[in-house]
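Notes to accompany the following structure.
The values are calculated or read from the model by the stated rules, or taken from the named source; none is laboratory data. What you see is a predicted model, and the numbers here were worked out from it, not measured in a lab. Cβ: placed from backbone, ideal geometry, glycine included. Neighbour counts: every protein chain shown.
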Amino acid sequence: MKTLAHKTGLSVLLLLVAVPIIYAFCFHIRQYTIRQRMKERMNEQVLQTISVQEEDVHWIIPGKETWLNGRLFDIRTYTSGNGLYTFTGSYDDEETALVMLLQKNQQKNDTADDEVLARLFELLQDIYKSNADDLLSVLIGSQQIFSTGSSSLSTVVISILTPPPQV
């Protein structure tokens with residue numbers, strides 16, 4: 001019974017660890033395919049030329065992609081001088097939507113993740129406490145060392161079985 005509970009707990013933990021990794025992997029694959037399509041489109045479509053002050057340039061990939069006017073801009077060529085950058089390229093609305101979706105999901109999941117982690121730690125404390133109670137019951141007999149009715153490791157109380165020696 002205990003091995004089944006441990007295996008189940010381990011499976012849940014592995015799943016919790018794997019989900020963000022799989023999500024990140026899928027995001028990067030999607031981003032890569034969008035960037036490849038955009039490179040192909042830049043050869044076929046009419047490109048825009050935009051001039052921007054140096055302090056307003058927010059590089060995503062230096063020399064290749066920047067954030068302009070709340071959108072990603074893929075750069076084919078650029079020049080700089082007199083405090084200005086002049087970019088030739090096109091806006092990448094598909095990748096912008098993907099990045100915005102990621103930001104929205106991160107903000108939404110921050111509070112949900114905190115709640116899930118708190119519940120996970122409570123569960124782990126319960127598992128630890130029940131295992132410790134079983135072990136100590138076997139070692140000491142019927143006397144319980146841990147206080148009962150609490151599921152928190154911070155409330156563990158060890159009773160003194162004998163008084164300290166008098167000198």
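Across the range 80-105, the qualifying residues are those that are touching a strand residue (DSSP E or B) at 6+ places or on another chain (Cβ under 7 Å) and part of a loop (DSSP other than H, G, I, E, B), and the one among them that is surrounded by the most Cβ atoms within 10 Å (Cβ to Cβ) is D92. For the range 3-54, the candidate set comprises residues that are in a helix (DSSP H, G or I), hydroxyl-bearing (S, T, Y) and more than 17 Å from the chain's Cα centre (by Cα); within that set, the residue that is surrounded by the most Cβ atoms within 10 Å (Cβ to Cβ) is T33.
With respect to the numbered conditions (1) without any contact (Cβ under 8 Å) to a residue 24 or more places away in the chain; (2) in a strand (DSSP E or B), which one is the sole condition not fulfilled by D74? Condition (1) is where D74 drops out. Checking L15, L68, L47 one by one, the residue that is out of contact with any helix residue (DSSP H, G or I) (no Cβ under 7 Å at 6 or more places or on another chain) and under 30 Å from R119 (Cα atoms) is L15 and no other.
In the range 86-143, the qualifying residues are those that are of a type in the set (V, I, T) and under 28 Å from the mean Cα position of the chain (by Cα), and the one that is modelled with the lowest pLDDT is I127.
Answer yes if at least one residue in the range 72-79 is of a type in the set (S, T, Y) and surrounded by 13 or more Cβ atoms within 10 Å (Cβ to Cβ), and no otherwise. Yes, the range 72-79 contains at least one residue that is of a type in the set (S, T, Y) and surrounded by 13 or more Cβ atoms within 10 Å (Cβ to Cβ).
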